[in-house]
Each structure stands twice: as C-alpha cells, then as structure tokens.
Amino acid sequence: MIRFSWIAAVVALTILLAVFAKPSLAERPNVLIIYGDDQGSIDLGCLGVTDLQTPNLDRLANQGLLLTQMYSAAPVCSASRVGLLTGRYPARAGQPGNGDLRSEEVTIGEVFRDAGYRTGQVGKWHLGQTAEKNPKGQGFEDWLGHLGGCIDNYSHFFFWAGPNRHDLFDNGHEVYRPGEYFPQLMVDRCKTFIDKPSDQPWLLYWAFNAPHYPYQGTPDWLERYKDLPSPRREYGAFLSTMDQYIGEVIEHLDRNGLSENTIVIYQADHGHSTEIRAFGGGGNAGPYRGAKFSLFEGGIRVPSIVRFPSKFPAGQTRDQFMTACDWLPTLCQLCDVKPPENTLDGVSIADVLSHDAKPPRETFYWQFGGGGKNAQWAVREANWKLIGNPRDTSANETQRKDGGRLKDKLFLADLSQDIGEENNVAESRPDITQRLLKLRAEMTSDFE
C-alpha cells in the first residue's frame, strides 16, 4: 500500500509538471506581422467595400478574427511604426512624426531575438539608416528592403525629391535588382526566411509598401479596375496587388504545415493618403472623418486581422478598443517571452482575442508632431475623444486650406453617438473637455 502511494505521487507530480511546464523554445509560436501602408479605414472586402477585391485578406479574416476597432499609434508612417515595434506612445519613444527611431528604444525584434527567436524584417523600414538604427541595429537579424519612406517598385530609387537615391539593401549591403518588381522580391525573401532550417521559432516583420504611392499595381489589376474612376482605380490596383502577394506567403505557410502554430497579423499603418503624390486620394474611410496626417478617426482607425488557429476561434469579430501598441505585450504573452522592462503603453489583448473578454483599456494618447503648442494630439477615454489642434485631411491636398487645420483648437466628440466626428461639443460639455485635458496632462507628465 505504501509502495502504491509513492508511485501514485510520482505519477501525479509528473502530470502536474507537464501541465504547468513552459513550452520549449521549439514549441513556441512563430509570428508573422504584415504591415500595410496608407490604407483606407474600410478598404477590405470583409469590411464592406464592394468595388475592390481583397480575397486573400478576406480569407484570412474568415480563418481568424476581424478587429473592427483597431487604432494606429499615429497618423503618419514612422511614428506608427514606432508604436507597433516598441509598444509605446510614439511621443514617449521620442518620434511623434516621420524620422528615426532612437537606438536606445527596445523593439519587438530585440525582445524576441533575446528570447531565442530568429528575427527578420522585409520591406519598408523608415526608422533610420545608420548601423545602429537600421533593422539589424534594432533587433532584426535578417533583413531586405528600403530604408526611406517609399521607392519606385521597379528601379528601387527613392520616389520623390532629389538627388536620385537608390534605396534597396540586403542585410546592410546595397543591392541592385533593376526591373525586378519589389513585391515579388519581398515574397521571395519571406519564403526564404520562413524556410531556413532551424530549431528556433521565428518572428518576421513584413512591412509591405502598399498601397502607399507610387501606385504601381500590376497590369492585370489595372485592367480589372479600368472602369473605376481615378484615383480609385490606381489605388485599388495596388491594394489588390498587395493582397495577391500576401496570399502567396499565407499559402506558403499553409502548404508547409506551419499555419496552426503561426500567429499571423495583418494591419495597416494608418489611414489613406490624400497627398498630390497619391493622385489626391483613392482610399475609402467609410463613415470616418479624416485621412493620413489627421487624428480624426479616418487617420488612425485601421483594418486589422489576426489568425492563430491553435488558440483563436475562426470567423469571428472583435469590436473592443485596441491599438497597435498592444501587439508587443500581446505577443509576449502568447509566445511566453519576457516583455521589456521599460514603460509600455500597450496592454495585452490576448484574452480579448481568445475569449472575447472585456477590453483591457479605455484610454489612449496620440500625438503627431513635436511637443510645441501647435502639435496635433488626441486623448480618448471610453467613447469620448478630445483632439487638440485638429486637422481634417479628408479632402485632396490641393483643395485643403491651411493644411486642413480647423479654426477650433479643441474638438470633442462622443464616438458612440457621432462616429463621423461631425459635431464639436467641446464648449457644450466643458466638464468632459476639462477632464480629458487633465487626463492628457497626467498621461504625458513623464515624457522626456
């Protein structure tokens, strides 16, 4: 009897250890983050547009979760990437506009590399060009892409402003691939990275440079959209081209049996562009006001999808308030990776995704531009959103007066009643205005 009890105790202990043991490094999920560029807030078939085709991203949503209230960390390229990669307000991380990411900031690449993951970056960087600030310097061990804001997809030269500057690099070495279509180069590199023999799990950050200008969709998509008016035709062709090439990599995961244990995230960096270089627009913000460069909803509310078959249900939506800053702590939780020890403004949404839990946040802070009195900023608490120095960039750049700046210095909206942010109630609700001004001061009090 004593001998049986001893054996039973050993068996029970073994079972407990198996249940509570952390997964080995090789068992941890892979991560593929796909980051679109200058995309309209509702420009996916699964979000309701009918004039454009995005079958691959729609399929990804059917196999995973469609996130209907996802926000960028900023309405401009570099700052939005800072928020995604660091989990911090771009203003806290020192870059609330377009420019370099401080080398001392801790990125998701560094966090996962130090945890034993293979890390890679493909596509657009736009966060610095020196050895300390390029992808390798910020934790992505293998990388291919352009360091500036945008390139011609065939010559790989910087798209605007002189002098002409070639911008295509492979692990820090300038490479020349004239005439080769950049989306295809990205797909090939993604597959090569994924297929590398290794016992390590991997994290790949694929920053797709579409549908950002120059609008260079394939001839096939331009032909399919020949009856659409310009610039919707040019924009749509490049968006559908992006969808097609993303589909190649998703299918590669599926064919190689990697889908079940790979977290795939798709998200746009911010709203669509209405700049002259974008033919004045092309994107669709749906019911939302604003576009790129604006802190109205159309500038920061973005399409987003996540698929993780082994943990998340398929074909559902999540309507909770989420932000791009949340991905770093969320992926750390899902992958059993220790998060960085600095201040994070993102929160884990893992339970929201897996169990449709209550949102872990009600507040967020956005800032576009430096800390001067004219910087555009916004603070949200629950359904209330207050914008300082607001800009409405919905109209074509050539048609906007004073860059879209409004006469009102403060703009308050209740998003539950006014999702289009048409009515400014800052004066009629001074109690809410003052409360959010105080909240903003508290949220930014420890910024450097």
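The values are calculated or read from the model by the stated rules, or taken from the named source; none is laboratory data. Predicted model, so just to flag it, every value in this text is computed and none were measured. When we count neighbours, we look across all protein chains shown, and the Cβ atoms used for this are built from the backbone with ideal geometry, even at glycine. These accessible areas exclude ligands, DNA and RNA; they are computed on the full protein's heavy atoms, side chains included. Shrake-Rupley method; radii C 1.70, N 1.55, O 1.52, S 1.80 Å.
Summary table below
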quantity	calculated
Residue in the stretch 97-113 that is open to solvent by 40 Å² or more (accessible area, probe 1.4 Å), farther than 28 Å from Y215 by Cα, polar (S, T, N, Q) and at pLDDT 95 or above present	yes
Hits in the stretch 397-412 (condition: of a type in the set (K, R) and either loosely packed, with under 15 Cβ neighbours inside 10 Å or in contact with a Cys (Cβ under 8 Å, 6 or more places away or on another chain) (or both))	K401, K407, K409
All positions within the stretch 47-70 that are within 25 Å of G290 (Cα to Cα) and open to solvent by 20 Å² or more (accessible area, probe 1.4 Å)	L47, G48, T50, D51, Q53, D58, T68, Q69
Hits in the stretch 354-374 (condition: modelled with pLDDT of 95 or more and either under 18 Å from L406 (Cβ atoms) or open to solvent by less than 40 Å² (accessible area, probe 1.4 Å) (or both))	S354, A357, F364, Y365, W366, Q367, F368
The stretch 352-367 residues that are under 15 Å from A324 (Cβ atoms), paired with ones that are in a helix (DSSP H, G or I) and of a type in the set (A, V, I, L, M) (beta carbon under 6 Å, 6 or more apart)	Y365/M443
Per-region count, the stretch 171-190, residues touching an Asp or Glu at 6+ places or on another chain (Cβ under 8 Å) and open to solvent by 10 Å² or more (accessible area, probe 1.4 Å)	1
Index of the failed condition, I265 passing every other in (1) among the hydrophobic types (A, V, I, L, M, F, W, C); (2) farther than 30 Å from G404 by Cβ; (3) open to solvent by 10 Å² or more (accessible area, probe 1.4 Å)	(3)
Hits in the stretch 228-250 - residues which are open to solvent by 50 Å² or more (accessible area, probe 1.4 Å) and without any contact (Cβ under 8 Å) to a residue 60 or more places away in the chain	P229, S230, R233
G116 vs. criteria more than 21 Å from the chain's Cα centre (by Cα), among the small types (G, A, S) and more than 28 Å from P340 (Cβ to Cβ)	no
Hits in the stretch 214-227 (condition: surrounded by 17 or more Cβ atoms within 10 Å (Cβ to Cβ) and among the basic types (K, R))	R224
The stretch 114-170, residues that are in a helix (DSSP H, G or I) and either open to solvent by 50 Å² or more (accessible area, probe 1.4 Å) or among the aromatic types (F, W, Y) (or both)	D114, K136
Qualifying residue in the stretch 414-421 (condition: of a type outside the set (S, T, N, Q), open to solvent by less than 40 Å² (accessible area, probe 1.4 Å) and out of contact with any helix residue (DSSP H, G or I) (no Cβ under 9 Å at 6 or more places or on another chain))	yes
Residues being part of a loop (DSSP other than H, G, I, E, B) and open to solvent by 30 Å² or more (accessible area, probe 1.4 Å) - total across the stretch 27-41	1
Odd one out for P201, checked against (1) surrounded by 21 or more Cβ atoms within 10 Å (Cβ to Cβ); (2) over 25 Å from T54 (Cβ atoms); (3) within 21 Å of the chain's Cα centre (by Cα)	(3)
Residue check for L44: farther than 18 Å from H272 by Cβ and open to solvent by less than 10 Å² (accessible area, probe 1.4 Å)	no
Yes/no for A278 being touching a Gly at 6+ places or on another chain (Cβ under 9 Å), of a type outside the set (D, E) and touching a residue at least 12 places away in the same chain (Cβ under 8 Å)	no
Matching residues, the stretch 301-338, being in contact with a Gly (Cβ under 7 Å, 6 or more places away or on another chain) and either assigned to a strand (DSSP E or B) or at pLDDT below 95 (or both)	I305, V306, R307, T323
Residue pairs meeting the criteria (Cβ under 8 Å; at least 6 apart or on separate chains; first at pLDDT 95 or above, in the stretch 421-433; second among the basic types (K, R))	E421/R289; E421/K385; E422/R289
Positions within the stretch 377-396 being crowded, with 23+ Cβ neighbours inside 10 Å and of a type in the set (S, T, N, Q), in sequence order	T393
Matching residues in the stretch 80-132 - criterion: being under 24 Å from P201 (Cα atoms) and among the charged types (D, E, K, R)	R81, E105, E110, R113, D114, R118, K124
Where a residue in the stretch 155-177 is of a type in the set (S, T, Y) and its partner, wherever it lies, is open to solvent by 40 Å² or more (accessible area, probe 1.4 Å), with Cβ under 7 Å and at least six apart	S155/P178
Residue list for the stretch 72-91, restricted to those being part of a helix (DSSP H, G or I) and either open to solvent by 10 Å² or more (accessible area, probe 1.4 Å) or charged (D, E, K, R) (or both)	R81
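A quick yes/no check of all residues on (1) closer than 29 Å to E421 by Cα; (2) of a type in the set (S, T, N, Q):
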{"residue": "D227", "(1), (2)": "no, no"}
{"residue": "E248", "(1), (2)": "no, no"}
{"residue": "L258", "(1), (2)": "no, no"}
{"residue": "N261", "(1), (2)": "no, yes"}
{"residue": "Q267", "(1), (2)": "yes, yes"}
{"residue": "G271", "(1), (2)": "yes, no"}
{"residue": "Y288", "(1), (2)": "yes, no"}
